[in-house]
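Only one structure is covered here, and it is reproduced in the block below.
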Amino acid sequence: MTKQLLVSCFIVVTLVTGCTKKETGGATPAAEWASAPTILVGEYGSMTGGEATFGQSTHQGIELAFKEINAAGGVNGKKIELKSFDDEGKPENAATAVTKLITQDHVIALLGEVASSRSLAAAPIAQQNKIPMVSPSSTNPKVTEVGDYIFRVCFIDPFQGTVMAKFAHDNLKLKRVAILRDVKSDYSVGLANFFKETFTKLGGEIAGEETYVSGDIDFKAQLTSIKSAKPDGIFIPGYYTEVGLIARQARGLGIKAPLMGGDGWDSEQLFQIGKDAVVGSYFSNHYTTDSDDPHARNFIAAFKKEYNRVPDGLGAMGYDAAKVLADAMGRAKAITPADIRDALASTKDYVGVTGKITINDQRNATKSAVVVKVAGDHNTFVTTINP
Amino acid sequence: MVYGILQLINFAHSDVYMIGAFLGYYSARWLNVSDSPGYGSFFAVLIIAMVGCSLLGFTIERLAYRPLRNAPKLNALITAIGVSLFLEYSGQIVFGANPRLFPNILADSIIFTFGEVRITRFDATILFTSLGLMAILRYIIQNTKLGKAMRATSYNGQWASLMGIPVDRIISMTFVIGSSLAAAGGILVGIKYPKIEPLMGVMIGLKAFVAAVLGGIGNIPGAVLGALIMGVAEEFVVGYGASTYRDALAFGILIVILLFRPAGLLGKFTVEKV
């Protein structure tokens, strides 16, 4: 019995030490990066799960961007290689994905994530390992506050909240708005707070606040409660799968008030799930397919040719994030994470397909937002709101 | 039913429910039901899903539980968990992990308004289908020979076989009936809450287990009562409290019941005499 015990202990110990060795050993990444024939960039996103279209669209945008860059010769002669990871929409997986990309694959920079909760799970790991991370569409301000290696190419929720609050108050002339937020999502909670702050400052009243959890399929109780408060509008700063269901159930209960939301609504699935219930609703977004900016039009045409679908905001932001990163790599003194980081921080007036991108001191981009109206399987542009 | 006869908690039941919903999804699309929503389509899809899941339940019993009939109960329980995980993750591979939208097999309309409360056609269909199925189940168990045999087997399997009851076949029938009911549940939920995905059975399965314990495990009317109490309580918590406590309530009830009345509301505490 003791002999068996000793043998098993021995095996366990060998396995454990064997495992850890692989991660900390090997050649230093710096030497690897200088001598490698390609530049390895890591991407992590939600290719499956409740926000699958976010990850897939972003991935397509990034792929298209790198394809164009490599076709034009790459960055300083070196082509960019992309390694993607599906985090299935779960923050724990985002953390594991980023750890693996940094420690095992030795990527020199990271692109991701769309959802703020997942960016927040991964950012500390990137910051600790001093690998620059560029988020294409995470809007919660806390993401870039993690450290000086974390960047984003989109606006942040304090601004986005004001956008919808102003739109609701000035354009739609709403006086009482109810809020239905997703407590599992940092994005949703943050955006709801910023909306509330601005809307009340403009003189509006919050008719009621209810909560749900992403993954829920039944919102009748919350909607009944909201209905009895008789709001002029409902602000739902969540993600498209739940928003579609909420819209259906709201209309089913007889709630006729207009629905509003943020960029989490941006998906072709929104209309697939919500159908007529979402038509006539408004949401704030990073870009619109109605744009007549030539850069945007070229991008939309190229994307359509490559993937046979019209790009949504996520695809456009993924494209811009990838291009901004490549631009920074081109301007960096050498291909090392620290130099790329410095080049990213000094990005000024980069002309992207979603507008001019300047990275400010908080490592965020100051950009305008658009408000679009859901008109079926496409959205129509309503107005632009500048910071 | 399964616990009553086999003392086995069938964790895979909620995944049979999920498979039922997906069978409904695929058969509705195959039959091109969205072109003609109505009760005909509803019953067609329901029958297909119920038959499909009966076969699935039969197969699971044959392959996973029967070989362990004489093994310690714990082994069968772990196998049940294994079957559950197998179904969930195979579902993810076969159906993809993204949620799907259940097609429109029935047109919704408001039947009855009572102040602020609206009763829709979906609600009525679900209620009457459930009541109908429960009535059929009760009839089978109380008024047929099969039901009598099932009750005898649940009382004592060995004595039942001594009396000439083919216990293996009875157990298979139990699984067939149970699985077809699970499929019906899947279809009804799919109509009302059209988002379906391979992991949809997980939370529902846990809450169904709590409902069964609440009512008295092994006791069918108890399960119905338990489910009613849990459903209503959950909606009250969400409506008047915070929706985040919806799941906490379910497990809170489990803890309270096990502390104060472990046999359940309608259960009897049987003492096992050696």
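The single residue among B:Gly205, B:Gly178, B:Gly186 that is within 14 Å of chain A (Cβ to nearest Cβ), under 19 Å from B:Glu61 (Cβ atoms) and part of a helix (DSSP H, G or I) turns out to be B:Gly186.
Among the residues of the stretch A:120-143, is any touching a strand residue (DSSP E or B) at 6+ places or on another chain (Cβ under 9 Å), closer than 24 Å to A:Phe219 by Cα, in contact (Cβ under 8 Å) with a residue 40 or more places away in the chain and of a type outside the set (A, V, I, L, M, F, W, C)? Looking for residues that are touching a strand residue (DSSP E or B) at 6+ places or on another chain (Cβ under 9 Å), closer than 24 Å to A:Phe219 by Cα, in contact (Cβ under 8 Å) with a residue 40 or more places away in the chain and of a type outside the set (A, V, I, L, M, F, W, C), one finds none in the stretch A:120-143, hence no. I'd like to check something: does the stretch A:336-356 contain any residue that is at pLDDT below 90, crowded, with 24+ Cβ neighbours inside 10 Å, over 17 Å from A:Phe66 (Cβ atoms) and in contact with a Lys or Arg (Cβ under 8 Å, 6 or more places away or on another chain)? Checking the stretch A:336-356: at least one residue is at pLDDT below 90, crowded, with 24+ Cβ neighbours inside 10 Å, over 17 Å from A:Phe66 (Cβ atoms) and in contact with a Lys or Arg (Cβ under 8 Å, 6 or more places away or on another chain). Of the residues examined, B:Gly241 is not one that is at pLDDT 85 or above, within 14 Å of chain A (Cβ to nearest Cβ) and surrounded by fewer than 15 Cβ atoms within 10 Å (Cβ to Cβ). So which residues in the stretch A:160-194 are touching a residue at least 60 places away in the same chain (Cβ under 8 Å) and within 20 Å of A:Glu113 (Cβ to Cβ)? Residues satisfying the conditions are A:Gln160, A:Asp182, A:Lys184, A:Ser185, A:Asp186, A:Tyr187, A:Ser188, A:Gly190, A:Leu191. Reported count of residues in the stretch A:234-276, each being β-branched (Val, Ile, Thr) and in contact (Cβ under 8 Å) with a residue 40 or more places away in the chain, is 4. Kindly indicate whether any position in the stretch B:120-129 is surrounded by 15 or more Cβ atoms within 10 Å (Cβ to Cβ), assigned by TED's automatic domain parsing to the domain that holds B:Ile171, of a type outside the set (D, E, K, R) and within 22 Å of B:Asp168 (Cα to Cα). Taking every residue of the stretch B:120-129 in turn, none turns out to be surrounded by 15 or more Cβ atoms within 10 Å (Cβ to Cβ), assigned by TED's automatic domain parsing to the domain that holds B:Ile171, of a type outside the set (D, E, K, R) and within 22 Å of B:Asp168 (Cα to Cα).
The numbered conditions (1) within 14 Å of the chain's Cα centre (by Cα); (2) within 12 Å of another protein chain (Cβ to nearest Cβ) are all true for B:Glu235 except (1).
Scan the stretch A:231-248 for residues that are within 11 Å of another protein chain (Cβ to nearest Cβ) and surrounded by fewer than 23 Cβ atoms within 10 Å (Cβ to Cβ) and report the count. Of the residues in the stretch A:231-248, 1 are within 11 Å of another protein chain (Cβ to nearest Cβ) and surrounded by fewer than 23 Cβ atoms within 10 Å (Cβ to Cβ). In this structure, B:Ala64 does satisfy being among the hydrophobic types (A, V, I, L, M, F, W, C), at pLDDT below 90, within 19 Å of B:Asp168 (Cβ to Cβ) and assigned by TED's automatic domain parsing to the domain that holds B:Ala12.
The set of residues in the stretch B:109-125 being in contact (Cβ under 8 Å) with a residue 24 or more places away in the chain and either touching a strand residue (DSSP E or B) at 6+ places or on another chain (Cβ under 6 Å) or within 11 Å of chain A (Cβ to nearest Cβ) (or both) consists of B:Phe122, B:Asp123. B:Leu199 satisfies every condition listed in (1) more than 21 Å from B:Phe122 (Cα to Cα); (2) part of a helix (DSSP H, G or I) except (2).
Exactly one residue among A:Glu209, A:Glu197 is within 11 Å of chain B (Cβ to nearest Cβ) and either over 15 Å from A:Ala277 (Cβ atoms) or buried (at least 22 other Cβ atoms within 10 Å of the Cβ) (or both), and that residue is A:Glu209. Restricting attention to the stretch A:250-265, which residues are surrounded by fewer than 20 Cβ atoms within 10 Å (Cβ to Cβ) and not in a loop (DSSP other than H, G, I, E, B)? Selection gives A:Arg251, A:Gly252.
Residue-wise test of (1) in a helix (DSSP H, G or I); (2) of a type outside the set (A, V, I, L, M, F, W, C).
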{"residue": "A:His106", "(1), (2)": "no, yes"}
{"residue": "A:Pro124", "(1), (2)": "yes, yes"}
{"residue": "A:Asp148", "(1), (2)": "no, yes"}
{"residue": "A:Phe155", "(1), (2)": "no, no"}
{"residue": "A:Leu174", "(1), (2)": "no, no"}
{"residue": "A:Arg181", "(1), (2)": "no, yes"}
{"residue": "A:Asn193", "(1), (2)": "yes, yes"}
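Of note, B:Ile48 satisfies the criterion of being touching a helix residue (DSSP H, G or I) at 6+ places or on another chain (Cβ under 9 Å) and β-branched (Val, Ile, Thr). Does at least one position in the stretch B:93-108 carry a residue that is among the small types (Gly, Ala, Ser) and either away from chain A (no Cβ under 14 Å) or closer than 23 Å to B:Gly201 by Cβ (or both)? Checked the stretch B:93-108: at least one residue is among the small types (Gly, Ala, Ser) and either away from chain A (no Cβ under 14 Å) or closer than 23 Å to B:Gly201 by Cβ (or both). Please go through the stretch A:164-180 and pick out each residue that is under 14 Å from A:Gly204 (Cα atoms) and not basic (Lys, Arg). Hits for the stretch A:164-180 are A:Met164, A:Ala165, A:Phe167, A:Ala168, A:His169, A:Asp170, A:Asn171, A:Leu172, A:Leu174, A:Val177, A:Ala178, A:Ile179. Go through the stretch B:156-167 and give me each residue that's surrounded by 11 or more Cβ atoms within 10 Å (Cβ to Cβ) and in a helix (DSSP H, G or I). Within the stretch B:156-167, B:Gly157, B:Trp159, B:Ala160, B:Ser161, B:Val167 qualify.
Among the residues of the stretch B:137-152, the ones that are more than 20 Å from the chain's Cα centre (by Cα), of a type in the set (D, E, K, R) and either surrounded by 11 or more Cβ atoms within 10 Å (Cβ to Cβ) or more than 15 Å from B:Gly164 (Cβ to Cβ) (or both) come to 1 in all.
Exactly one residue among B:Pro194, B:Pro221 is at negative phi and surrounded by fewer than 18 Cβ atoms within 10 Å (Cβ to Cβ), and that residue is B:Pro221.
The values are calculated or read from the model by the stated rules, or taken from the named source; none is laboratory data. It should be emphasised that the depicted structure is a prediction, and the values quoted were computed from it without experimental measurement. Counting neighbours? That spans all protein chains shown, and the Cβs are built from the backbone with ideal geometry, glycine included.
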